[in-house]
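Let me begin by presenting the structure, written as structure tokens, before commenting on it.
The values are calculated or read from the model by the stated rules, or taken from the named source; none is laboratory data. Remember, it's a predicted structure, so these values are computed and weren't measured experimentally. Cβ placement follows ideal geometry from the backbone for every residue including glycine, while neighbour counts extend to all protein chains displayed. SASA here: full protein model, heavy atoms, side chains in, ligands and nucleic acids out. Shrake-Rupley method; radii C 1.70, N 1.55, O 1.52, S 1.80 Å.
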Amino acid sequence: MTSLNPTQIYISNLPEDITEERLVDFFGTIGEIIDDKKTGGKKVWIYRDKTTGMTKGDATVTYHDEGNAANAVKTFDGKVFEKTGNILAVSIAQRTVKKDNRYSDSYNQGE
């Protein structure tokens, strides 16, 4: 079972050299990205290979409100990231709920 997280977007097809700072600069043009209490930075997650530590080309960004997240999907889905040539796929993030009602730590691309 999945549930939408309406303030969070899922981004795929990012360049291998993506950084949190570049994501904040790019996606922050739409609206305020919330602060991450754990890191002290903005709430951005870049997926990495557990063995190599290399980025997988996927990330999530969490906005302060649902309207900004929806606007980010409308604005950036199908657009080129910076001048890299990478065409982004951007959607509202979905969380997978395990049978015991706990959320998994992975996100699935929404429709």
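Laid out as a table, the results:
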read-out: Most fluctuating residue given options T75, T60, T39, as computed from a GNM of the chain linking Cα atoms under 10 Å; value: T39
read-out: Rounded percent of accessible protein surface that carbon and sulfur make up, the chain, 1.4 Å probe; value: 49
read-out: Label of the coordinate-derived value, percent of Cα pairs over 25 Å apart, listed as (1) 17; (2) 42; (3) 11; value: (1)
read-out: Net charge dipole size for the stretch 20-69 [Lys, Arg +1 and Asp, Glu -1 on Cβ; Debye, nearest 20]; value: 300
read-out: Surface accessible to a 1.4 Å probe, per residue, for the residues of the chain, Å²; value: 63
